[in-house]
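*Asks:* Input: one structure, supplied below.
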Amino acid sequence: GSGVLSWQTVSVPDAPAILQVLQDVKTNIFSTSNNITNAVEITGLSQAVTMSASTNKVLVMAQIFVSGDSNSEVGLSLYRGSTQIYLGDTGSAVECSVPAGMLWSSGSWQGNSACITFLDTPGTGTHTYTVRIGGNGSSTIYVNRTGRNGTSDPLGASSITLMEVAAS
């Protein structure tokens, strides 16, 4: 070889621009005994975004630390305002965004980190995103602590993050 390097110009399409990043973090404890069919909003965990353009999208990322005090099936649902978004098909079970699974088994208290990621196109205006939670109705569901809440059990934090992404 001659040892001569040649360069070729490659055209790369513009990557979508992230216009704003907003986050709310919840560090205190929340609990409910509500059934999944009557899921309640996790208080102190919501984030609003004012859209720059109606065609832009919002990347919603929520991470919730959940547990229960007995055999607990948990469902988490993502809401934009009063509208449930990102949910499973209709059927005989309850529609939710993310099932967090069984949180207690044979005296072993477990804490799960449930994550929701969804790309939404909410349109113009200001939109507030929240997460609702419910269990099987016969146990207490906790956010940010384990069901046992012992001295060696972890305490956690939960967050919801929004990124407005420019339409390409």
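*Asks:* What's the FRET efficiency of Ser138 with Ser46 using the Cβ-Cβ distance as r and R₀ = 25 Å, to the nearest 0.05? Present the calculation step by step, with values, prior to reporting the outcome.
*Replies:* Details: r = 28 Å, r/R0 = 1.11.
Rounded to the nearest 0.05, the efficiency is 0.35.
*Asks:* What net charge is computed for the residues neighbouring Leu155, neighbours being all others with C-beta under 13 Å from the C-beta of Leu155, Lys and Arg scored +1, Asp and Glu -1? Kindly include the intermediate steps, with their values, before the conclusion.
*Replies:* Numbers: positive: Lys26, Arg145, Arg148; negative: Asp153.
Residues close to Leu155 contribute a combined charge of +2.
*Asks:* Karplus couplings for the stretch 140-148 from phi (6.51 cos²θ - 1.76 cosθ + 1.60, θ = phi - 60°), rounded to Hz, Gly and Pro as x?
*Replies:* Per-residue couplings from phi come out as 9, 9, 10, 10, 6, 8, 7, x, 7 Hz.
*Asks:* Oh, and also: Which whole-Hz ³J(HN,Hα) couplings does the stretch 18-26 yield from phi under the Karplus relation 6.51 cos²θ - 1.76 cosθ + 1.60, θ = phi - 60°, glycine and proline marked x?
*Replies:* So the Karplus estimates, Gly and Pro as x, are 8, 8, 7, 10, 10, 8, 10, 10, 10 Hz.
*Asks:* Set the Förster radius R0 to 41 Å, insert the Cβ-Cβ distance between Ala53 and Asn149 as r into 1/(1 + (r/R0)^6), and round the FRET efficiency to 0.05.
*Replies:* Working: r = 46 Å, r/R0 = 1.11.
According to the calculation, E is roughly 0.35.
Every read-out reported here was derived from the displayed coordinates using simple, explicitly stated rules and does not represent laboratory data. Every value quoted in this text rests on a predicted model; they were computed, and no experiment measured them. As a convention, Cβ positions derive from the backbone with ideal geometry for all residues, glycine included, and neighbour counts pool all protein chains shown.
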